[in-house]
Amino acid sequence: MRRNPSGASSWRKEQHLPWHISLPEQGPKTNKRLLKTISGSSEPAIPTIANGKYQFISSYSNRRITMVAQVENILTEKGLTKAECSKIALNSNAPFLSLELFDDWEYDSFCADVTDFWHGMEAFAFMPSSCCVQRVIVVKHESATNRWMVTVLDGPNAGSIASTPRLYLCFPFEDPYKFADRIGAAMARRREAENAIRFRFLCTYMFNDGHYAPGKLLEQNIRRRSANDEVYVVFKKIYEDYHIALALGKHLNNDATIAIEQPVQPKLEFRSLSRIPSANGERVNFHGLLDCFRRKTLLVDRHVFHAMCLVSHECEMVRRLPLFAAAFEQPITLDEFANQNETQTARMMKYLQNTWIERTVMHLHRVLSRIGPGHFNICVSQWKIYSMLKLKRLMEQIQYRMQDALRDLLLDATGAYVDFLVNDCSAVLAIGCDYSWDGNLIDSPFEPKRPAVFSLTLQMGPEAPYYSTEPERFPEVLQGIMYDTVEQTHYIQTVEPSLLQSLIFADNLYLSSVGLLDPSFVDRRNRLLEYYNKSLLPLRAYAARYGAYRDLFFTNVNEFIERVKAADKASSEIKEDIALQIRLRENLEHTVPLSIVIGPFLIDVRPLREALIRKRNELTVELLKMLTEKLRLKTAGLTTDYNAINERMCEKPISIEHIYDIRQYMESVPETVTRMEDRMKGILYEYEILDGFLWNLPDADFQQKWNALAFPRTVLKQMGTVREFHESQVEKIRKQQFADEATFTASVEDINVYISKFSTLYDVAKVSEMAVEVRRLWKALQGLIDQGHTMNRRQELFELPPISLNNLFELRKNFGAYRELWTVAADYLKLEESWIGNPLASVDLEGVRRGLQQAHDSLKDLLPQFTDQPQLLAVVEHFLQVVEGFRPNLDVMELLKCPHLEAIHWGQLAKEAGIKGKLSVDVGFDVFLEHGIRSHVATIRKIVTKAEELRLEQEQRRAEEDRIRKQEEEYRRIRAERRQKRTDI
C-alpha cells in the first residue's frame with residue numbers, strides 16, 4: 001500500500017468485500033502533477049490541497065534542522081521509538097511487516113524526477129541497521145521504488161553507500177514534524193494490517209469440528225434451492241468463516257491478555273425524515289412524492305445502487321488497465337517491442353472479453369437477484385415485458401458506462417502509446433526528402449528531448465551497410481499494433497446475454513469503443529506515421545556514410561599481405577604503410593562513435609567500429625610480422641654465413657693438404673667479415689623501424705639479432721685459436737706420413753707377389769670365380785696408384801722427395817690383358833644363360849646378335865697378346881669356339897619367333913619333331929635345345945612358310961569381305977536417297 005488518497009476508511013470498506021481484487025495501484029495523478037509543477041518552477045508555488053500532508057517550501061536552500069539530535073527529539077516527542085521503525089521478527093506482539101510498505105508518498109515535498117537540486121545534498125536518514133538517525137549525502141534516486149542511494153557520514157559505517165526508502169529520509173529544508181507524522185501514519189497503518197493478519201491467521205487455524213456449521217434446516221433449504229452440492233459447500237465455508245470470526249472477536253474482547261483485536265467494520269447510519277416542508281411552509285404529501293419518485297428513478301432500491309457502484313468500480317479498474325507495453329528502462333529492438341505488446345494486449349483482451357464481463361455479470365446477478373420479481377427481475381422471459389421494465393433502462397445505462405470506460409481506456413492508452421514512441425525531436429520533422437548526412441558521425445543533430453525508444457545495430461553487408469532491423473518496418477509494425485489492439489476491442493460482448501439468460505439475444509452484440517476512423521485515433525496515427533517516416537531519412541543517410549568503410553571491412557588480411565610481399569617493397573616503404581595503418585586506426589577511434597541517437601532510434605555502432613579497428617590492427621600487426629620475418633631471414637642468412645666461416649675454420653685437419661686449404665681460406669676471412677658487417681648495419685637500420693613502432697621482437701629473433709652483431713669479433717678471435725691449433729697438428733701429420741709411406745711400400749710388394757701367382761691360373765671351368773677375383777685385384781691395384789699420387793702431393797708439401805710409382809704402372813699394364821680375358825668370358829656366359837633360360841618371346845634377337853659379335857671381337861683382339869703363353873692362348877681359343885658354337889641357334893630362334901605361328905602350327909612342329917609337350921613362344925629356348933631342335937630346321941622353315949601363306953590368304957579374304965560390305969552399304973544409301981526424292985515429289 002503505497003498511497004491512500006481516500007483515507008483509511010475507504011480501505012476498510014473494500015477489504016471485507018469477497019469480490020474485491022487487487023490490481024497494480026497507482027498514486028493520485030493530481031498530486032504527482034502538482035509536485036512536478038512545484039519542483040520544476042523557479043519559485044515555489046502554494047497549491048491548495050485539502051489535507052494536512054502538504055508542506056510549504058519557501059526555498060530549498062533553507063535549513064529547518066541542522067543537527068541529528070533535533071530529529072531524534074521530534075521523533076521521541078511524537079512517541080516514535082527506534083525499535084518500532086525497523087522490521088522485527090514475527091511473534092505475538094512485535095511488528096513483522098516492513099514499515100516501507102505503508103509509506104504515503106503524498107508527504108513528498110518535491111518530485112525527484114523533475115529537479116536535481118537534491119543531488120549531493122546533506123540530509124538526515126534513519127538507518128534500520130543501526131537504529132539511529134545519521135547524517136548522509138544523497139547520491140541517487142530510483143523512481144520505481146522511491147528508494148534513495150546515500151553515503152553515510154557518521155558512525156562506524158561512515159563512507160559506506162546504503163539504500164534507504166523515502167520514508168526514512170528527511171531533507172533539511174523539510175518540516176521535521178511532517179517527517180514524524182509520515183512515520184507515525186505508516187506505523188498506524190502497519191498496526192492495522194498486522195492486527196488484521198493476526199486475526200485472520202487465528203480464524204484460519206482455529207479448531208472447528210462442525211460446531212459453527214449451518215443448522216440442518218438451513219442446510220435443507222440451501223440444498224433444495226441449488227442444483228448441486230457445490231453451492232452448499234461454498235455457502236458452508238462462508239458461513240463457518242463468518243461465525244468463527246464473530247466468536248473469536250467476542251473472545252478477544254473479553255480476554256485482555258491477548259494484544260490482537262477484532263478488525264472494526266464500518267457501520268452505515270440512517271436518518272429518517274418524518275416530513276418535508278414545502279416552499280410556502282405547507283406540508284407536502286411525502287408518500288405520494290416518494291411513490292412518484294420511485295416510479296421514475298432507477299435507484300429505487302438499495303441493491304440497484306449497490307449494483308451501479310460495483311459496475312462503476314469495474315469500469316474504473318478498466319480505465320486503469322495498461323493496454324500497451326510502453327515503458328522500458330532501455331531501448332529495445334522492434335521485435336522485442338512487438339512481442340511484448342502482443343503479450344500485453346492478449347492479456348488485457350482476455351481480461352476485457354472474459355474477466356470484465358464475467359465479474360460484472362456476477363456482481364449484477366448476485367445483487368439484482370435479491371430484489372426478486374418486479375422492475376428488476378433478471379429472470380424475465382418475454383421481450384415485451386422486458387422492454388417496459390426499468391431493468392432494460394438499467395442495462396442500457398450499464399452498457400453506456402462500460403462503453404465510456406472502454407473508450408476512455410483506448411483514448412488514454414493510444415495517447416500514452418503515441419507519446420511514448422514520439423519522443424519529441426522537432427529536428428526530424430523539419431528535414432526534407434533529399435536529406436544527406438553532411439556532418440561528422442559522432443554528433444547527432446537529431447537529439448530528442450526524451451530517451452530513445454528503439455535499439456538498432458549498424459552492420460556491414462557485401463553491397464552496403466544495413467541495420468539489424470529494416471527501418472521500413474517501423475511505421476508498418478507500430479501502426480499495426482495500434483490497429484490490432486483497437487480492432488480487438490470491437491469484439492467485447494455486452495452483459496445482457498449473460499445476465500438475462502431467459503431471453504434470446506443475437507450473437508454479435510458488442511460494446512462500442514473507438515473506431516479506426518475516429519478523428520482522435522486518426523490524428524494520433526498520422527502523428528506517429530509522420531514522425532517515423534521522417535525519422536527514416538536521417539537513418540538511411542547515416543548508414544550510407546559507412547559505405548566508405550566497406551572495402552576495409554571485407555579486406556582479406558592474408559591476400560593483402562601477399563600483395564605487399566609480391567610488390568617486394570623496401571623496408572622504408574613498409575614503414576610508411578605501417579604508419580598509414582596506425583593513422584587510419586586512430587582516425588577510426590576519433591571519428592566513429594560507439595553509439596548515436598537519431599530521433600527515436602539508438603544506433604549501436606560498437607560492433608562495426610570494433611570490427612573496423614580490429615581490421616586496421618590486424619593489417620598493422622601483419623605488416624609488422626612481415627617486416628619481422630623479412631629481417632629474420634636476412635639476419636638468419638647473415639648468421640648462416642658467419643657459422644659457415646666458423647665451421648670452415650674449425651674443421652679438424654685430417655691431412656697436411658687440409659691444413660693448407662684452411663690457411664688459404666682464412667686469408668680471405670677478414671675481408672669477408674668486413675663486408676658482412678656492412679650488411680648487418682643496413683639490417684640494424686631496418687630493426688630500428690620496428691623499435692620506432694614499439695614492436696617487441698620474439699625472443700628467438702632478439703637473440704639472433706645480437707648474435708649477428710657479436711659474430712665478427714667472435715670470428716676474428718677464432719682465427720688466432722685456429723692458427724695455434726694448426727701448428728700443433730703439422731708435426732703429428734708429418735709422423736703419420738712416414739708411417740703411411742712404409743705401409744704403402746709393403747702393400748705394393750704384396751700385390752705384386754699375389755698377381756704374379758694368380759696369372760698362372762687358367763682353369764676355364766672356374767670362369768665366374770676367376771672374373772670376381774680379377775676385378776678385386778684390379779680395384780686394389782688402382783687404389784694403390786691413387787694412394788701413391790696422394791702421398792707424393794703430401795711429400796711435396798712436407799718438402800720431402802717423391803715416391804716412385806713405376807713398378808705399379810708396369811704391373812697394371814701387364815695385368816690388363818689377363819683381366820680382359822676373364823671378364824669378357826664371364827660376361828658372355830651370363831648373357832648366353834639369359835638367352836637360353838628366358839622365354840623365347842622376351843629374347844631380343846638384335847641384342848643376341850650384338851652380344852655375340854662383341855664377345856667374338858674382344859676375344860679375337862686378345863690372341864696376339866698371349867702368343868708367348870700357350871695355356872692362356874688355349875683359353876682364348878676355347879671361348880672363341882663357345883661363341884661360334886652358339887651362332888646357329890640364332891637362326892633357329894628367329895624362325896621360332898615368327899609372329900604368324902599359331903597353336904596349330906606349334907602342335908604340328910611338336911608332332912613332326914617328336915617333342916612331347918606343349919610348345920609356344922613363352923617356352924624357354926633351353927627346352928627346344930633339349931629335344932634337338934637344331935636338327936629340324938627344315939621342318940621349322942616349312943611350317944613357318946605355311947603359316948605366312950595362311951595369314952596372307954586370311955588378309956585377302958578379309959579385304960574382299962570389306963569391299964563387298966562397302967558396296968552393299970553404298971547400294972542401300974543410293975536406294976534410300978531415291979525413296980526420299982520420291983517422297984518429296
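The values are calculated or read from the model by the stated rules, or taken from the named source; none is laboratory data. Quantities reported herein were computed from a predicted structural model and do not represent experimental measurements. Quick reminder, even Gly has a Cβ in these numbers, built from the backbone with ideal geometry, and neighbours come from all protein chains shown. These accessible areas exclude ligands, DNA and RNA; they are computed on the full protein's heavy atoms, side chains included. Shrake-Rupley method; radii C 1.70, N 1.55, O 1.52, S 1.80 Å.
Of the peptides 564-572, 371-379, the ranking by mean beta-carbon count within 10 Å, highest at the top, reads 371-379, 564-572. What the phi angles of the range 501-513 give under the Karplus curve with 6.51, -1.76 and 1.60, with θ = phi - 60°, is a coupling list of 7, 7, 9, 9, 10, 5, 7, 10, 8, 10, 6, 8, 10 Hz, glycine and proline written as x. Measuring r between the beta carbons of Leu246 and Asp424 and using R0 = 60 Å, the FRET efficiency lands at 0.50. Length gained on full extension, Asp434 to Ala544, computed as 0.36 nm times the residue gap minus the Cα-Cα distance: 38.3 nm. Computed on protein heavy atoms with a 1.4 Å probe, the accessible areas place His363, His251, His141, His306 in the order His251, His306, His141, His363, largest first. The alpha carbon convex hull volume per residue for the range 418-513 rounds to 191 Å³. For Tyr54, the accessible area of its heavy atoms, probed at 1.4 Å with every protein chain present, is near 60 square angstrom. Listed cross-link partners Lys860/Lys946; Lys860/Lys918; Lys53/Lys140; Lys236/Lys350; Lys575/Lys615; Lys918/Lys942 are compared with a 29 Å cut-off, the Cα-Cα value being larger for Lys860/Lys946; Lys860/Lys918; Lys236/Lys350. Sorting the segments 618-631, 876-889 by their residues' average number of neighbouring beta-carbon atoms within 10 angstrom, most packed first, yields 618-631, 876-889. Computed extension gain for Glu261 through Lys569, at 0.36 nm per residue and net of the alpha carbon distance, reaches 101.2 nm.
Let me check I have the definition right: for the range 478-550, take the eigenvalues of the Cα gyration tensor, multiply each by 5, take square roots. What are those semi-axes in whole Å, largest first?
47, 13, 6
The orientation-averaged projected area of the convex hull spanned by the Cα atoms of the range 611-716 comes to 7.8 nm². The simple Förster model, with R0 at 41 Å and r as the Cβ-Cβ distance, assigns Lys350 and Ile582 a FRET efficiency of 0.10. Give me the log10 of I(q) over I(0) for the range 146-208 at q = 0.16, 0.19 Å⁻¹, as the Debye formula computes it from C-alpha points; what are the numbers? Results for the range 146-208 at q = 0.16, 0.19 Å⁻¹ read -0.73, -0.85.
Excluding same-chain neighbours fewer than eight residues apart, the aspartates and glutamates reachable from Lys296 by a Cα-Cα span under 18 Å are Glu396. Using a Förster radius of 51 Å, what is the FRET efficiency between Arg294 and Glu447 based on their Cβ-Cβ separation? Nearest 0.05, please. The formula returns an efficiency of 0.20 here. In angstrom, the C-alpha Rg and Dmax of the range 533-584 are 17.1, 55.
Full-extension gain between Glu562 and His211, please, as 0.36 nm times their residue separation minus the C-alpha to C-alpha distance.
Here the segment from Glu562 to His211 would lengthen by 116.6 nm.
Approximating the spin labels as points 7 Å out from Cα along Cα→Cβ, the Trp695-to-Leu831 distance works out to 6.9 nm. Distance from the Cα centroid of the range 461-478 to that of the range 184-218 is 60 Å (rounded to whole angstrom). What the range 479-547 shows is 46 Å² of accessible area per residue, with the surface traced by a 1.4 Å probe over protein heavy atoms.
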